[in-house]
Amino acid sequence: MSAKERVVVGMSGGVDSSVAAYLLQQQGFEVIGVTLKVWSDSCLSRSQEKCCGPQSITDARMVAHRLGIPHFVLDEAEAFEEEVIAPFIREYRRGRTPNPCALCNEKMKFGRLPQKARAWGAEHVATGHYARIERDGQGRVRLLKAKDRRKDQSYFLFRLQPHTLDRMLTPLGDYHKEEVRRIAREAGLSVWDKEESQGICFVPGHRYDAFLAERIGTREEACGEIVDISGKPLGRHQGIESYTVGQRRRLPGGQGKPLYVVDIDAGKRQVVVGPRETLERTHCFLSDTNWQQPIPPSSVRVDVKVRYNYPAAPARLTLLSDRRARIDFETPQAGLAPGQAAVCYADDLLLGGGWIERSAQGAVA
């Protein structure tokens, strides 16, 4: 590694990306800090705590000054609207549960940043993600879970292509969060004790319903029925966008046991509910899959995460045509929400994954 090899670091203003920049500088890289401004000024002012807010941009700039590295802010608000927010809204209107963080990593952080890095003559792009990147004996790049299992973020990187991984650096993969904060404090970085941003960055106050209502508007045609699994009406809703598979809130009571959202029929504008056992599924289908590692044509045993905060479940993966796949779980799983990512691992190694669908063909209502 050349002492002046250049790397562009995505700096969100938080402790993780700040320490990533610091560690790379200590390793002898020429570091350039970049913050993506992905939200309009009017909305940023309502969301100061978010990783794209004005305070975070200021924090990133202060850290860059402390490290003595250049820092740039790239206005990508228009692209973020098209690539992340619009699909987020569209998926909810289709009765699905989107995963905007995985999409943002694919389209923005590792879509836009590498373009800028090439223009600046940088060999690498780095972030503060908790994940490890290694190469096997044949020189093939591998993405693995982070040492800190509680903070591991490899799940959100399943959409990345091997050629993108080949240019990536994730210096926090071998650290625990407590170590990262200690490093930041000892380095004199003002963000060492900054509170972590929680939830989706463009949804102020974690109010998904309010955000969707603001963007979609109140429409009489959005209302519909809440029905049980036999089709019996139990109540009314103001829009399917406020519901996701596995949800308990905002459902009718008086049924003798708690109810959960089992399915959402966008065509009929129906929210289908039932007791917890009706959530369980023995298998699911994936569409638009992306595999970072070779997958054999026959079925293979994997561990599958169907949501970021869910434990991985043992299953068998079978590839189908047209970038589809089938997952058969060893034990039934609850809360398989169409639109969410199912990400497959072999021990620590991330293999890839796809989007959960309702049917083998990926057809949705």
Quiz item: If you go through the range 107-127, how many residues are among the polar types (S, T, N, Q) and more than 17 Å from Val31 (Cβ to Cβ)?
Solution: 1
Practice problem: With respect to Val261, determine if the residue is under 16 Å from Tyr92 (Cβ atoms) and at pLDDT 95 or above. | Solution: yes
Quiz item: Got a sec? Which of Leu350, Leu336, Leu286, Leu319 is under 23 Å from Tyr130 (Cβ atoms) and outside the structural domain of His237 (by TED's automatic domain parsing)?
Solution: Leu350
Practice problem: For residues that are in contact with a strand residue (DSSP E or B) (Cβ under 8 Å, 6 or more places away or on another chain) and among the acidic types (Asp, Glu), scanning just the range 277-304, find the one that is surrounded by the most Cβ atoms within 10 Å (Cβ to Cβ). | Solution: Asp303
Practice problem: Considering every residue within the range 97-109, establish whether at least one is among the aliphatic types (A, V, I, L, M), closer than 18 Å to Val8 by Cβ, in the same structural domain as Asp148 (by TED's automatic domain parsing) and touching a His at 6+ places or on another chain (Cβ under 8 Å). | Solution: no
Quiz item: What number of residues within the range 77-100 satisfy the criterion of being in contact (Cβ under 8 Å) with a residue 60 or more places away in the chain and surrounded by fewer than 19 Cβ atoms within 10 Å (Cβ to Cβ)?
Solution: 3
Quiz item: When the range 318-359 is examined, which residues are found to be under 13 Å from Val300 (Cβ atoms) and basic (Lys, Arg)?
Solution: Arg326
Quiz item: Looking only at residues in the range 128-144 that are part of a loop (DSSP other than H, G, I, E, B) and more than 21 Å from Val8 (Cβ to Cβ), which one is modelled with the highest pLDDT?
Solution: Arg140
Quiz item: Which ones in the range 331-350 are under 26 Å from Asp136 (Cα atoms) and assigned to a loop (DSSP other than H, G, I, E, B)?
Solution: Asp347, Asp348
Practice problem: Would you check if Gly335 is touching a helix residue (DSSP H, G or I) at 6+ places or on another chain (Cβ under 9 Å), modelled with pLDDT of 95 or more and within 23 Å of Ser154 (Cβ to Cβ)? | Solution: no
Quiz item: If you go through the range 323-330 one residue at a time, do you hit one that is assigned to a loop (DSSP other than H, G, I, E, B) and either at pLDDT 95 or above or among the basic types (Lys, Arg) (or both)?
Solution: yes
Exercise. Please give the number of the condition Gly139 fails out of (1) crowded, with 18+ Cβ neighbours inside 10 Å; (2) farther than 24 Å from Ala60 by Cα; (3) more than 16 Å from the chain's Cα centre (by Cα).
Key: (1)
Practice problem: With the condition kept exactly as written, say whether any residue in the range 287-297 is free of Cβ contacts under 8 Å to residues at least 60 places away in the same chain and under 18 Å from Gly231 (Cα atoms). | Solution: no
Self-check item: Which numbered condition Ile264 fails, given (1) without any contact (Cβ under 8 Å) to a residue 24 or more places away in the chain; (2) touching a helix residue (DSSP H, G or I) at 6+ places or on another chain (Cβ under 7 Å)
Solution: (1)
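The values are calculated or read from the model by the stated rules, or taken from the named source; none is laboratory data. All of these numbers come straight from a predicted model, not from anything done at the bench. Neighbour counts run over all protein chains shown; Cβ positions are idealised from the backbone, glycine included.
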